[in-house]
Amino acid sequence: MEFQMPFEEFTPRAFTAVSVRANAPAASGIYGVSNAREWIYIGQTDNIQASLLHALQQSDSAILKRYPTGFAYELCIPAQRTDRQNRLILEYEPVCNRRFLESETGQSI
């Protein structure tokens, strides 16, 4: 099994609309949202920037209820996104992805 550093070229960015517009590409990839204590959510998308901006606009979402402060991303072709997302979820155990973890491992987190 190949060891791969989580979020290749990881550079944490502020999770604000201004920062997302300036730093997140409108391209295919994986993104993660975090706060100072935990990873909140790891997702995949055809458009990283649009997905992050959408998350910022969902005022009553589970993501925003965790007070996110940062995001990270990596570019990834569509054919590899699901596998890469699943590996990052299993490694980081983001709180909003726990249903996936429980179904994959059969264990409650």
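Here are the numbers for this structure:
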quantity: The stretch 23-45, subset within 11 Å of VAL95 (Cα to Cα) and part of a strand (DSSP E or B), residue most open to solvent (accessible area, probe 1.4 Å); calculated: TYR41
quantity: Conditions (1) in contact with a Leu (Cβ under 6 Å, 6 or more places away or on another chain); (2) farther than 16 Å from GLU8 by Cα: number failed by ILE42; calculated: (2)
quantity: Scope the stretch 54-76; condition touching a strand residue (DSSP E or B) at 6+ places or on another chain (Cβ under 8 Å), buried (at least 16 other Cβ atoms within 10 Å of the Cβ) and not in a loop (DSSP other than H, G, I, E, B); matching residues; calculated: ALA55, ARG66, GLY70, PHE71, ALA72, TYR73, GLU74
quantity: Selection from the stretch 46-65 of residues that are in contact (Cβ under 8 Å) with a residue 24 or more places away in the chain and under 17 Å from VAL95 (Cβ atoms); calculated: ALA62, ILE63
quantity: In the stretch 10-24, residue nearest to ASP83 (Cα to Cα) [restricted to those that are over 14 Å from the mean Cα position of the chain (by Cα) and not β-branched (Val, Ile, Thr)]; calculated: ASN23
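The values are calculated or read from the model by the stated rules, or taken from the named source; none is laboratory data. The shown structure was predicted, so the numbers you read here are calculated from the model rather than taken from an experiment. Every residue, glycine as well, gets a Cβ built from its backbone with ideal geometry; the counts of neighbours run over all protein chains shown. Accessible surface areas use protein heavy atoms only, side chains included; no ligands, DNA or RNA. Shrake-Rupley method; radii C 1.70, N 1.55, O 1.52, S 1.80 Å.
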